[in-house]
Amino acid sequence: MAPEEVRRHNLTAVLDRLHRSGPMSRSELAQKTGLNRSTIADLIGELSRLGLVEEKPGTASAGPGRPSPVVSPRPKGATVLAVEFSVDSVAVATVGLGGHVYGKVRQARARGTHSVDETIEEVARMARALLDDFAEDQVLVGMGVAVVGVVRRRDGFVHLAPNLGWKNVPLGALLGARFGLGDAVMAANEADLGALAEFRRGAGVGATQLVYVNSEVGIGAGIIQDGQPMLGAAGYAGEAGHTLINPDGKPCTCGARGCWETEAGEAALAERAGLTEFVGQQLIEEITQRVDDRDPQTLQALQVTGTWLGYGIGNLINVFNPDVVVIGGLYQELYPYLREPMEEAARSVVLQAPGEAVRIVRGSLGVDASLLGAAEMALSPVIADPAGVRAVTPTEPPDRVEA
């Protein structure tokens, strides 16, 4: 490896550790990265000059000698705009290194088809106030976007987002033009980004193999293998909701029959509970109330849906052998009611060896998992090449970009 590549690798190792774990002393960084203390000092000096970290005096200790300075990620040195297009809402946040959230706003929207152009304008309005709050020395480095749909990650092209009514939308290019950010826009599927967020900042911290199961209208899965997102040949891996689970099941919106989401998705739960007039958060609130009232139909609906959910999770465990399965989305909120039948069903289909190695847990980031994952994705190029950080300057709203 050439000397410049070695140096970039070492800068990445130090910045990544600080980004994920927070403030550390130089000695702790040396221990965690395996680099010697003189190398650490040199790397911290360069990262400080780049504005990505800062050092402050450590707290006094009872032992001899001066306390070691504490190194922290500097969120202002690299901040991103994160955007999420979900079934029921649009969200925007500004997030800096270390996962520091400067501002966040979420706007509920009725389900159904939404114009791409109008949606981008809505995001622009939401983002304007957050960007206006930037400090003079705050550096914007890009935008990360989570979409509830099939997304080509390399350019943010949305092949299909049925719950938004979108098909073949060059979303990355449209947002880049609208905000004047060019190609500093990255977009991906919301389950993949939920997995990334829970892996780095949530219930999956410490795991190396993770499966994130996300449910809104349908079911998707995000997969982390050996600490890296598993995306597939073209970036479309994780469409677990459209795996066959019941050959005698109902037709699915994808055109197949017996898909996992037809048995364990939101619509299936609502139908079993007799609550088809409710969706999203209203459905969760109604189910919670009826569970409190010990309504037998609701309890049975949760039992059956949890069982089908567990069968699918068991299949994923057999295929991917994860350390942890994280439950997000709709079922993160209903997890206490689904846990027992879900775990029982998963155990009934999973092989003994992978079953003994896995934990099934509730996500800890809630509704913001995919939004925070979008920020993590957008910050990844900074961590991969700290010396290559380039600030981008969003324009004042230009002429509208028609989809």
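The values are calculated or read from the model by the stated rules, or taken from the named source; none is laboratory data. Everything numeric here is computed off the predicted structure, so don't read it as measured data. So basically every Cβ, Gly included, is an ideal-geometry build from the backbone, and we count neighbours across all protein chains shown.
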Practice problem: Kindly indicate the residue of the stretch 94-122 that is more than 20 Å from residue 21 (Cβ to Cβ) and either of a type in the set (Val, Ile, Thr) or not assigned by TED's automatic domain parsing to the domain that holds residue 83 (or both) and also farthest from the chain's Cα centre (by Cα) among those meeting that condition. | Solution: 113
Practice problem: Just give me the residues in the stretch 87-105 being closer than 26 Å to residue 389 by Cα and outside any helix (DSSP H, G or I), in sequence order. | Solution: 91, 92, 93, 94, 95, 96, 100, 101, 102, 103, 104
Quiz item: Of the residues in the stretch 91-105, how many are under 16 Å from residue 135 (Cβ atoms) and of a type in the set (A, V, I, L, M)?
Solution: 3
Exercise. Output the qualifying pairs, or none if there are none: Cβ atoms under 9 angstrom, residues six or more apart or on different chains, first residue in the stretch 345-366 and in contact (Cβ under 8 Å) with a residue 12 or more places away in the chain and under 18 Å from residue 203 (Cα atoms), second residue among the basic types (Lys, Arg) and part of a helix (DSSP H, G or I).
Key: 360/339; 362/339; 364/201; 365/201
Exercise. Output the number of the condition that residue 315 fails; it satisfies all remaining conditions of (1) under 23 Å from residue 223 (Cβ atoms); (2) crowded, with 19+ Cβ neighbours inside 10 Å; (3) more than 22 Å from the chain's Cα centre (by Cα); (4) in contact (Cβ under 8 Å) with a residue 60 or more places away in the chain.
Key: (2)
Quiz prompt | Search result, residues across the stretch 195-246 that are among the charged types (D, E, K, R) and surrounded by 18 or more Cβ atoms within 10 Å (Cβ to Cβ) | solution = 198, 200, 201, 216, 239
Quiz prompt | Meets criteria (surrounded by 23 or more Cβ atoms within 10 Å (Cβ to Cβ), on the phi < 0 side of the Ramachandran plot and touching a Leu at 6+ places or on another chain (Cβ under 6 Å)) for residue 191 | solution = no
Quiz prompt | Among (1) without any contact (Cβ under 8 Å) to a residue 24 or more places away in the chain; (2) in contact with a strand residue (DSSP E or B) (Cβ under 9 Å, 6 or more places away or on another chain); (3) not aliphatic (A, V, I, L, M), the one test that residue 42 misses | solution = (2)
